[in-house]
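Beneath this line is the structure, given in structure tokens, with notes to follow.
The values are calculated or read from the model by the stated rules, or taken from the named source; none is laboratory data. Values in this document were obtained by computation on a predicted structure and should not be read as measured data. Every residue, glycine among them, receives a Cβ derived from its backbone with ideal geometry; neighbour counts consider all protein chains shown. What goes into the accessible areas is simple: the full protein's heavy atoms, side chains included, and nothing from ligands, DNA or RNA. Shrake-Rupley method; radii C 1.70, N 1.55, O 1.52, S 1.80 Å.
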Amino acid sequence: MPLCNDSSRNLAVAVALFFAGVLYFSFSTHSISDHISDLLHNTNTPQQVKTIEFPQDELEAVLESAAAGNNNTVIIALVNRAYVEEAGEGRTMLDLFLESFWEGEGTLPLLDHLVLVATDHTAYDRCRFKRLHCYKMDIKGVDLEGEKVYMSADFIEMMWRRTHFLLDVLSRGYHILFTDTDVLWLRTPFSRLSNNGSLDMQISVDQNNVEAGHAINTGFFHVRSNNKTFSLFNKWYDMRLNSPGMKEQDVLQKLLDTGFFNQLGLNVNFLNTTEFSGFCQDSTDMGVVTTVHANCCRHIPAKIFDLTLVLSDWKSYKTSHVNNKWSPHHKCGGSWKDNDYVPKP
């Protein structure tokens, strides 16, 4: 009897294993078939091919998210610790910059397309706290946290690092609207920029004076990603090696003045200060002014003080629609004589 029970049990186990094997083979064959089918389907899908051929790194993920629904265009601004910590009037430069998007006409939705590029962990953490598109720039071997006063060695280094980063973004096929964080956005610039697809670059100037030449300002510009602009930015960045003591804006101005733009066949539009204004030359028409840049100003506390007045003037205009004069930029004007100013480390 025990032998009979053992034989029956062994037979039952063998039958169960046989059917389990059949079921496993059937389901595994179906799964493999489905997997191959999915793979073939994905191979014919451009997005999947792009993902396989060009692995998405952190920067690409941020850019792709920010450019969505905006014609493959990203708005980029650079921030460091000095721009996210209080530096005057109990405010930060970043807070003032973002407030202009809230107070501007048609500007609030543009925050969805803004990428804040942080040079340090403090700035990056503040960006994340604001729930914006954030990217931490790799700046190994260089301290870019504290305030970099205009034309200091660290200031020049930061500007070149910025140029290299923008070159990387262009190489990925994204169009760029770059803005300094000391630029207030009072109206959406996209309605003011030319929609002419043949324009490769549109850049702000310090003054409207064509006869004296276009004094370009790299604090605000739009550039399309194509072979011509990539060649320009590549040449521009390479020239840092032969331009000691020169900031990137002066080197780009040199490329313009010596005809390199023409050699590349670049189509450039120089933005007038009536719409794209700055402290170097105020806009005379609040009815059309789009941005206000705290250029011609030496340090952050002065910029915050005078830009706060600009934002107050703008709020008054929105209420009255009366085209008044801007408040004087006394702090920025006096910043050049402020020899005792010591930036926070």
Can you list residues whose amide H is under 5 Å from Ala118's amide H, if they're 5+ apart or on another chain and H is modeled 1.01 Å from N? Val79, Tyr135, Lys136, Met137
Taking Cα pairs under 8 Å and at least six residues apart, what relative contact order does region 255-341 come out at, in percent? 24 percent
In sequence order, what are the phi-derived ³J(HN,Hα) couplings for region 99-114 according to the Karplus relation 6.51 cos²θ - 1.76 cosθ + 1.60 with θ = phi - 60°, rounded to whole Hz, with x for glycine and proline? 4, 5, 5, 6, 8, x, 8, x, 9, 4, x, 6, 4, 5, 10, 8
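What percent do you get for the relative contact order of region 58-272 when only Cα pairs under 8 Å and 6+ apart count? Provide the component values of the computation, followed by the final result.
Values: 342 pairs, mean separation 46.1, N = 215.
Computed over region 58-272, the figure is 21 percent.
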Please list, in order along region 241-249, the HN-Hα scalar couplings obtained from phi with the Karplus expression 6.51 cos²θ - 1.76 cosθ + 1.60 (θ = phi - 60°), rounded to whole Hz, x for Gly and Pro. 5, 10, 10, x, x, 9, 7, 4, 4
Flagged links, alpha-carbon separation over 27 Å, of Lys136/Lys344; Lys247/Lys303; Lys303/Lys325; Lys130/Lys315: none
Any residue on another chain or 5+ positions along whose placed amide H is under 5 Å from the amide H of Gly278 is listed here as Ser283, His293
Would you kindly find the accessible area of Thr284, with a 1.4 Å probe and non-protein molecules such as ligands, DNA and RNA excluded, rounding to the nearest 10 Å²? 110 Å²
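Hey, if we sort Trp236, Trp326 by accessible area with the 1.4 Å probe, largest down, what's the order? Each step should come with its number before you reach the end.
Working: Trp236 5, Trp326 30 Å².
From most accessible down to least: Trp326, Trp236.
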Charge dipole (region 58-272, unit charges on Cβ, about Cα centre) - positive-most of Thr258, Pro189, His121: Thr258
Determine how large the accessible area of Asp180 is when every protein chain is in place; take a 1.4 Å probe and give Å² rounded to the nearest 10. 40 Å²
Multiply the residue gap between Gln263 and Asp138 by 0.36 nm, knock off their C-alpha separation, and tell me the result in nm, one decimal place. 41.7 nm
If you take the beta carbon distance between Phe230 and Ser320 as r and set R0 to 51 Å, what does 1/(1 + (r/R0)^6) give as a FRET efficiency, to the nearest 0.05? 0.65
